1. Check the range 78-90 and report whether any residue there is within 18 Å of the chain's Cα centre (by Cα), surrounded by fewer than 16 Cβ atoms within 10 Å (Cβ to Cβ), over 30 Å from residue 198 (Cα atoms) and in contact (Cβ under 8 Å) with a residue 60 or more places away in the chain.
2. Filter the range 111-128 down to residues that are without any contact (Cβ under 8 Å) to a residue 60 or more places away in the chain and assigned to a loop (DSSP other than H, G, I, E, B) and give me whichever is surrounded by the most Cβ atoms within 10 Å (Cβ to Cβ).
3. Do you know which residues across the range 129-162 are out of contact with any strand residue (DSSP E or B) (no Cβ under 9 Å at 6 or more places or on another chain) and assigned to a loop (DSSP other than H, G, I, E, B)?
4. Residue 107: in a helix (DSSP H, G or I), buried (at least 18 other Cβ atoms within 10 Å of the Cβ) and in contact (Cβ under 8 Å) with a residue 12 or more places away in the chain, yes or no?
5. Go over the candidates 140, 196 one by one and state the one that is under 25 Å from the mean Cα position of the chain (by Cα), within 18 Å of residue 218 (Cα to Cα) and surrounded by fewer than 18 Cβ atoms within 10 Å (Cβ to Cβ).
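Each reported figure results from applying straightforward, stated rules to the coordinates on display, with no laboratory input. Just so it is clear, the structure is predicted and the values come from calculations on it, not from any experiment. Here the Cβ is made from the backbone with ideal geometry for all residues, glycine too, and neighbour counts use every protein chain on show.
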């Protein structure tokens, strides 16, 4: 069911790229499928004590409501946001749905991560193309460890707004090598922290019953996630400099969603507070 929702979202957003009078409905289907997928993933994220994605799932409900409301009005800001999502899916889809491409990317990232680990003095045994073993701890490189999702999203941001060819090339050169290299560094950090047991703290919060999992939790679910969030904000700021249109869109979307939230949070004018 979860995989089906991702596929439905992908199909809807790709269909959105085709000019038609039904575009906004395809966008609604795409966003709704993403939100549905986030909620179906909650049991998995709770099982690994990851609370960032459950928080995102919770916040996605008001986001979906506001987005659908303005898509039905064909608001240009939300339509542009949907274009960004569609371009991101267009980049991600070949790797996510063509096994040969996905497996090739996983194997390439695993090889490069293993080489980087060896270079910094923490060699691993690489098995089956994507399984890394060190000190009795096993780590699997999957598609989510390749950085392709972040690359697709940020390239969607860079290419989903109106820009010149020169700006698109500059956006690609900023996004792709930067995220790819930093993702290898992230993998090196997480695998080293886990296999060397750097953070065996607070098992009541970070443990899942698996020996040594606490170090993986703190390295992967907390430090790497927060680090990635900070980095993406910095990267987005750099894109604003390259693409002024992107900054204008971000400001428009911020005002739109903030205004809608404030209408709910703040008391209406003329009403007294108890």
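1. Just the residues of the range 78-90 that are within 18 Å of the chain's Cα centre (by Cα), to begin with: 81-90.
Narrowing the set further to residues that are surrounded by fewer than 16 Cβ atoms within 10 Å (Cβ to Cβ) leaves none.
Checking the range 78-90: not a single residue is within 18 Å of the chain's Cα centre (by Cα), surrounded by fewer than 16 Cβ atoms within 10 Å (Cβ to Cβ), over 30 Å from residue 198 (Cα atoms) and in contact (Cβ under 8 Å) with a residue 60 or more places away in the chain.
2. If we take residues in the range 111-128 being without any contact (Cβ under 8 Å) to a residue 60 or more places away in the chain and assigned to a loop (DSSP other than H, G, I, E, B), then 123 is surrounded by the most Cβ atoms within 10 Å (Cβ to Cβ).
3. Across the range 129-162, the qualifying residues are 129, 135, 136, 142, 146, 147, 160, 161, 162.
4. No, not satisfied.
5. From the options 140, 196, the qualifying one is 140.
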